[in-house]
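Peer 1: This structure is in structure tokens; I'll ask about it shortly.
Rule-based calculations on the coordinates, nothing more; no lab input. All values derive from a computational prediction rather than experimental measurement. Cβ sites come from the backbone with ideal geometry, for glycine too, and all protein chains shown count toward neighbours.
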Amino acid sequence: GDYEIYEEIFESSKIKKMLEDSELIFTAEQFLANSLNLTHAGRSAFMHRNTMIYRINKIKQTTGLDIRKFEDAVLFANMLELAKNF
């Protein structure tokens, strides 16, 4: 069922590695918490806007999700929630 799909996602070594990267997760969480606004997210994370962009691009390279797009951000947020249960 659906569980197998998530198992496949999380078994990908790239995604596992990214989920262990606390800086990337922190960046993503700040970005999501600030309504996908780079400037606000950077400010609240005490991080330069370009650093935010670099890390968001790294997330895209790893997961294929561009969290600047609402649909991908929702998927990513769900993925983070699910990952906590794995």
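Peer 1: Any residue at all in segment 66-76 that's without any contact (Cβ under 8 Å) to a residue 40 or more places away in the chain, assigned to a loop (DSSP other than H, G, I, E, B), in contact with a helix residue (DSSP H, G or I) (Cβ under 9 Å, 6 or more places away or on another chain) and β-branched (Val, Ile, Thr)?
Peer 2: yes
Table: residues versus (1) β-branched (Val, Ile, Thr); (2) under 15 Å from residue 79 (Cα atoms); (3) surrounded by 13 or more Cβ atoms within 10 Å (Cβ to Cβ).
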site: 14; (1), (2), (3): no, yes, no
site: 18; (1), (2), (3): no, yes, yes
site: 21; (1), (2), (3): no, yes, yes
site: 25; (1), (2), (3): yes, yes, yes
site: 30; (1), (2), (3): no, no, yes
site: 36; (1), (2), (3): no, no, yes
site: 40; (1), (2), (3): no, no, yes
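Peer 1: For residues that are free of Cβ contacts under 8 Å to residues at least 12 places away in the same chain and either touching a Gly at 6+ places or on another chain (Cβ under 6 Å) or of a type outside the set (Gly, Ala, Ser) (or both), tally how many sit in segment 33-50.
Peer 2: Residues flagged as free of Cβ contacts under 8 Å to residues at least 12 places away in the same chain and either touching a Gly at 6+ places or on another chain (Cβ under 6 Å) or of a type outside the set (Gly, Ala, Ser) (or both) within segment 33-50 amount to 9.
Peer 1: Tell me which residues, restricted to segment 15-62, are among the aromatic types (Phe, Trp, Tyr) and within 17 Å of residue 84 (Cα to Cα).
Peer 2: 26
Peer 1: Looking only at segment 44-86, filter to residues that are aromatic (Phe, Trp, Tyr) and exposed (fewer than 14 other Cβ atoms within 10 Å of the Cβ); which one of those is farthest from the chain's Cα centre (by Cα)?
Peer 2: 46
Peer 1: Considering each of 30, 61 in turn, give the residue that is free of Cβ contacts under 8 Å to residues at least 12 places away in the same chain, on the phi < 0 side of the Ramachandran plot and assigned to a helix (DSSP H, G or I).
Peer 2: None of the others qualify; the one that does is 61.
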